[in-house]
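Q: Quick one: the structure is below, questions incoming.
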Amino acid sequence: QVQLVESGGGLVQAGDSLRLSCAASGRTFRWYAMGWFRQAPGKEREFVGAISSSGGSTNYADSVKSRFTISRDNAKNTVYLQMNSLKPEDTAVYSCARNRGPSVGLGSRDYDYWGQGTQVTVSS
């Protein structure tokens, strides 16, 4: 069983930055791509970005491209989401997820383990 625990969320003002972390249990973290998703109140969960198992490939939603950066440290079993120039519309619960394989996936069905999420609130 894989456990994913997010941290780093909080309340910030528009234009600020936050870095989310997602720590994974187990010894197989480096074999799998990881993704970040978010869900705002009353909205469906949406893809934010993902990183391949090696960290050599990333993919982002258009809404966050050039503002958000995903990275990973396989030695620490941790994936990060650096969020810059935050906007009120970025307010959501952010969750990390483990892909079923090593390559970047864009859909929820590509992921089999999910964290509980961390709240990010951006005030205007």
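The values are calculated or read from the model by the stated rules, or taken from the named source; none is laboratory data. If you're wondering where the values come from, they're calculated on a predicted model, not measured in any experiment. Glycine gets a Cβ as well: all are built from the backbone with ideal geometry, and neighbour counts include every protein chain shown. To get the accessible areas, we keep the full protein, side chains included, count just its heavy atoms, and leave off ligands, DNA and RNA. Shrake-Rupley method; radii C 1.70, N 1.55, O 1.52, S 1.80 Å.
Q: Counting only residues that are open to solvent by 60 Å² or more (accessible area, probe 1.4 Å) and of a type in the set (A, V, I, L, M, F, W, C), which one in the range 96-119 is nearest to Phe47 (Cα to Cα)?
A: Leu106
Q: In the range 21-60, which residues are within 12 Å of the chain's Cα centre (by Cα), hydrophobic (A, V, I, L, M, F, W, C) and open to solvent by 10 Å² or more (accessible area, probe 1.4 Å)?
A: Ala23, Phe47
Q: When the residues of the range 68-95 are filtered to those that are among the basic types (Lys, Arg) and in contact with a strand residue (DSSP E or B) (Cβ under 7 Å, 6 or more places away or on another chain), which remaining residue is surrounded by the most Cβ atoms within 10 Å (Cβ to Cβ)? Reasoning before the result, please.
A: Within the range 68-95, the first condition is being among the basic types (Lys, Arg), and the residues that meet it are 72, 76, 87.
Checking which are in contact with a strand residue (DSSP E or B) (Cβ under 7 Å, 6 or more places away or on another chain) leaves us with 72, 87.
Working: Arg72: 22, Lys87: 14.
For the range 68-95, the residue satisfying everything is Arg72.
Q: Related question: List pairs: first residue in the range 23-37 and modelled with pLDDT under 95, second residue open to solvent by less than 20 Å² (accessible area, probe 1.4 Å) and in a strand (DSSP E or B) anywhere in the structure, Cβ distance under 7 angstrom, at least six positions apart or on different chains.
A: As it stands, the answer is none, since no pair meets every condition given.
Q: Taking only pairs six or more apart or across chains, which ones have beta-carbon atoms under 7 Å, a first residue in the range 45-65 that is under 18 Å from Asn77 (Cβ atoms), and a second residue that is surrounded by fewer than 16 Cβ atoms within 10 Å (Cβ to Cβ) and basic (Lys, Arg)?
A: Note: pairs meeting the criteria are Ser53/Arg30.
Q: Scan the range 87-102 and report the pairs whose first residue is under 18 Å from Asn74 (Cα atoms) and whose second residue is of a type in the set (S, T, N, Q) and surrounded by fewer than 22 Cβ atoms within 10 Å (Cβ to Cβ), with Cβ atoms within less than 7 Å and a gap of 6+ or a chain change.
A: From the range 87-102, the pairs are Pro102/Ser52; Pro102/Ser53.
Q: Go through the range 13-124 and tell me which strands (runs of 3 or more DSSP E), entirely inside it, have 2 or more residues that are within 20 Å of Val2 (Cα to Cα).
A: 18-24, 34-39, 46-51, 68-73, 78-83, 92-99, 111-114
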